[in-house]
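Take a look at the structure below.
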Amino acid sequence: MKANYPVYYIRGHDSVRVVAPDIPGCYSFARDLPSSRCLITDCLCECIALLERLKHPVPPPTPLEMLCLPHGAIAENVFVDTTQYRKEKKL
């Protein structure tokens, strides 16, 4: 599956929290924005690949402009390719 999922970032005192609101439980923390982007991409791929393996429905991506963001958050779409992810991780 290939798709663009929205995520949002919130800066803390010494970390960045990143959340993929369309996929329950899909979030991560990192020290900086580049690291959080990498981690959320892997997290999204892993969560969606698990849903696919279990034959559970995969929630569709919400359009970025439809997100209701927490104060101070920034948002962007993250591209996921679960077919490629499974090949790379040998799942």
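Observations on the model:
- About the Cα centre, charge dipole magnitude for the chain (Lys/Arg +1, Asp/Glu -1 at Cβ), debye: 320 debye
- Of (1) 89; (2) 106; (3) 67, the label for volume of the Cα convex hull per residue in Å³ derived from the coordinates: (1)
- Of the trypsin sites (Lys or Arg not before Pro) found in segment 1-69, the ones in coil according to DSSP and having at most 15 other Cβ atoms within 10 Å of their Cβ are R31, K55.
None of the figures in this text is laboratory data; all of them are computed from the coordinates on show. None of the values given here were measured: they were computed from a predicted structure. Every residue, glycine as well, gets a Cβ built from its backbone with ideal geometry; the counts of neighbours run over all protein chains shown.
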